[in-house]
Amino acid sequence: MQPSLRPRRRIGAAPRHEPHLHYDKLSDPILVRRAKDGDERALQALCERHAPRVERLAKRLLDDPEDARDAAQDALAKLCVKLGQFRGEAAFSTWLHRLTVNACRDVVDRRGACRLVPLEYDARVAPEPSPAREAELAELRAGLRAGLAELPADQARVLVLKDVLGYSFRQISDASGMPVGTAKCYAHRARAGMRELLEEGAVA
């Protein structure tokens, strides 16, 4: 029997290294797959790529900068811990969006108060701005914030996502995990509740 002429790999020889990868240029699906396989640089690249988006969403959903910062950090931490649960049934960004919304909800629950979304300043130019008009707008914004705080947390969150951020019910469903019909129901109840609360405030 003739011995094999193929050169044998020496025992203990270093394994072949992959060519240098530019992680910032890899797509999300590739980074996710590599991160699941234990590639820490891929996981770091995912966090760095999506951190600004997570922070922007947290700031939109929470009016306290510290709460928003905590929620964003929690969401990125959950990304690292729960990435193995991501099955690819939706886009990675949608899955991370849902994690961020849930992290914001957890922060609100821990604080014991609903402090969702500051109502943005009315930037429309009035024909004749006046201190009285500014005071009226400030009072209205305060009333709306107080009304949101009185609503059940799920209803308030759906109302903010739908009427303040302009999400579709399908996007709300994807982000929160609730059925579209439930999101519509919560939005209807939240609007009715806000009208009632604002009317009571006007009467008072």
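The values are calculated or read from the model by the stated rules, or taken from the named source; none is laboratory data. A quick note: this is a predicted structure, and the numbers were derived from the prediction, not measured. Cβ placement follows ideal geometry from the backbone for every residue including glycine, while neighbour counts extend to all protein chains displayed. Quick note on the areas: whole protein, heavy atoms, side chains included, nothing else; ligands and nucleic acids left out. Shrake-Rupley method; radii C 1.70, N 1.55, O 1.52, S 1.80 Å.
Details
- In the range 165-188, residue farthest from residue 102 (Cα to Cα) [restricted to those that are in a helix (DSSP H, G or I) and in contact (Cβ under 8 Å) with a residue 60 or more places away in the chain]: 174
- Lone unmet requirement of (1) within 17 Å of residue 156 (Cα to Cα); (2) in contact with a Phe, Trp or Tyr (Cβ under 8 Å, 6 or more places away or on another chain) for residue 28: (1)
- Looking only at residues of the range 61-105 that are of a type in the set (Lys, Arg) and touching a residue at least 24 places away in the same chain (Cβ under 8 Å), we find that the one that is farthest from residue 161 (Cα to Cα) is 78.
- Unique match (being of a type in the set (A, V, I, L, M) and either open to solvent by 10 Å² or more (accessible area, probe 1.4 Å) or not in a helix (DSSP H, G or I) (or both)) among 101, 108: 108
- Filter result (over 30 Å from residue 151 (Cα atoms), modelled with pLDDT of 50 or more and more than 19 Å from the chain's Cα centre (by Cα)) within the range 85-135: 127, 128, 129, 130, 131
- Condition met for residue 81 (open to solvent by 90 Å² or more (accessible area, probe 1.4 Å), part of a helix (DSSP H, G or I), over 26 Å from residue 159 (Cβ atoms) and of a type in the set (Val, Ile, Thr)): yes
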